[in-house]
Amino acid sequence: MEFFDVGTMPYRQAWDLQRKIQKQLIDQKLAVRDNPTLTKKIPDSFIFVEHPHVYTLGKSGDAANLLKGMAELKKIDAEFIENDRGGDITYHGPGQIVGYPILDLDRYFTDVHKYLRYLEEVIIKTCADYGIKAGRIKGLTGVWVGDEKICAMGIRCSRWVTMHGFAFNVNTDLTYFDHIVPCGIRDKNVTGLSKILGKSLDVDGVKSRIAHHFSEQFSTEITEPSDEQHLLSRLGEAN
């Protein structure tokens, strides 16, 4: 599996890159189906990214869960984007680790619910590395510390190839969640590693722990993280 850390990137740009990688994997699957003698060459991908302030609404979400108008969002340097993932509304911003695994689940297991549980387990184990007991709440996707969500999740799967993923609050400014009903759940709050631990965390260190647990959970070897230029090279878009 190829890991990429593209730093800070606007949401729409990262979304576009995901779709292109997903298309590569799907096209490969179809080519192999039509000609079984072809050798699979394109590996799965995992993208780490941090987004500027943005609120995203999943295809099954309710726009009423955005509590501010567009003019008010502009005042806090945030934008609003409707996308094609599952789930309701959430926030992405500085200090939050966003992970986009783009996997051909035919290589692992064809079960979306199991896939989400695996992603949750990666974050639960990462929290444990920092002495935090995180877990699940029945019927609610994501990772929780008590009744507060520390990591939101929403995915899209086409021909068993995934995209989108998770948003893990590390050094996140949690006041930005005040402008929405996070994930459409009115009786639950959000939290983050820095809030719980009372100090700012080394984001690169947290990413390293996530990558380690992801590799173990999915029984896959991973590359050292490459940057945006390497990702663009893979897509044939490098300058």
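Relative to the compact globular guide of 2.2 N^0.38 Å, what is the alpha carbon radius of gyration of segment 11-132, as a ratio? Don't jump to the answer; show the numbers that get you there.
Numbers: Rg = 17.6 Å, N = 122, 2.2 N^0.38 = 13.7 Å.
Relative to the 2.2 N^0.38 Å estimate, segment 11-132 comes out at 1.29.
Note the full-extension length gain between T39 and D84 as 0.36 nm times their separation in residues minus their Cα-Cα distance, in nm to one decimal.
Contour length minus the Cα-Cα distance gives 13.1 nm.
Going toward the positive end of the dipole of the chain, with +1 on Lys and Arg Cβ and -1 on Asp and Glu Cβ, which of I210, F46, L67 do you reach last?
Of the candidates, L67 comes out farthest on the positive side.
Taking each pair of different alpha-carbon atoms in segment 167-239 once, compute 1/r for the pair, average those values, and report the inverse of that mean as the Kirkwood hydrodynamic radius in Å to one decimal.
It works out to 15.4 Å.
Less than 12 Å Cβ to Cβ from M1, Lys/Arg counted +1 and Asp/Glu -1: what total charge do the surrounding residues give?
Around M1, the charge tally is -4.
How far apart, in nm, are the 7 Å Cα→Cβ label points at Q229 and Q28?
Here the answer is 2.4 nm between the modelled labels.
Could I get the Rg over Rh figure for segment 2-234? Both from C-alpha atoms, Rh via Kirkwood, rounded to two places.
Computed over Cα atoms, the ratio is 0.96.
Name the aspartates and glutamates eligible as straight-distance cross-link partners of K59: C-alpha to C-alpha under 14 Å, and not fewer than 8 places from it in the same chain.
E82, D84, D88
No value in this document is a laboratory result; all are computed from the given coordinates. As the structure is a prediction and not an experimental result, all values here were calculated from the model. With ideal geometry, Cβ positions are generated from the backbone for all residues, glycine too; neighbour counts draw on all protein chains shown.
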